[in-house]
Amino acid sequence: MPNAKIKPATRRKSIDVGAELLKSVREMKAGMRARVHRPEVSAVARARLSSGLSQPAFAALLGVSVRTLQDWEQGRREPSGAAKTLMRVAEHHPEILQELAA
């Protein structure tokens, strides 16, 4: 490895890893947060959550596999036009889907 002896120019020479870790632990205990991650909930997931149904129950009601529903919820695939319409109904009138699922 010919480049193994070259040190990066951006590396700080006087870093105290132990002190940095202790500082981080104290901040966590004090409830301080550096960042908060709030993932965006897809329209499909919102519709399912508003209906109060589990993924398997919601998928069965729509006539699709659980995997397809998961792909829709995670944005890997897009539902068809008819499925999108059903999602809007589920989001605005969840009681209808709950009634159908019963």
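The values are calculated or read from the model by the stated rules, or taken from the named source; none is laboratory data. Computed from a prediction, not measured in an experiment: that's the story for all the values here. So basically every Cβ, Gly included, is an ideal-geometry build from the backbone, and we count neighbours across all protein chains shown.
Could you tell me whether GLU91 is assigned to a helix (DSSP H, G or I) and either surrounded by 14 or more Cβ atoms within 10 Å (Cβ to Cβ) or in contact with a Ser or Thr (Cβ under 6 Å, 6 or more places away or on another chain) (or both)? In short, yes. Could you tell me whether the range 36-47 includes any residue that is part of a loop (DSSP other than H, G, I, E, B), modelled with pLDDT of 90 or more and among the hydroxyl-bearing types (Ser, Thr, Tyr)? Looking through the range 36-47, at least one residue is part of a loop (DSSP other than H, G, I, E, B), modelled with pLDDT of 90 or more and among the hydroxyl-bearing types (Ser, Thr, Tyr).
Listed by first and then second residue, the pairs linking a residue in the range 49-71 that is closer than 11 Å to ALA101 by Cβ and free of Cβ contacts under 8 Å to residues at least 60 places away in the same chain to a residue that is assigned to a helix (DSSP H, G or I) and not hydrophobic (A, V, I, L, M, F, W, C), with Cβ atoms under 6 Å apart and 6 or more places separating them unless they lie on different chains, are SER51/PRO94; PHE58/ARG48. When the residues of the range 66-88 are filtered to those that are surrounded by fewer than 14 Cβ atoms within 10 Å (Cβ to Cβ) and part of a helix (DSSP H, G or I), the one that is modelled with the highest pLDDT is ARG67.
Here is a check on your reading of the model: is VAL25 assigned to a helix (DSSP H, G or I) and modelled with pLDDT of 85 or more? So VAL25 passes the test. Looking only at the range 26-65, residues that are surrounded by 11 or more Cβ atoms within 10 Å (Cβ to Cβ) and not hydrophobic (A, V, I, L, M, F, W, C) come to 11 in all.
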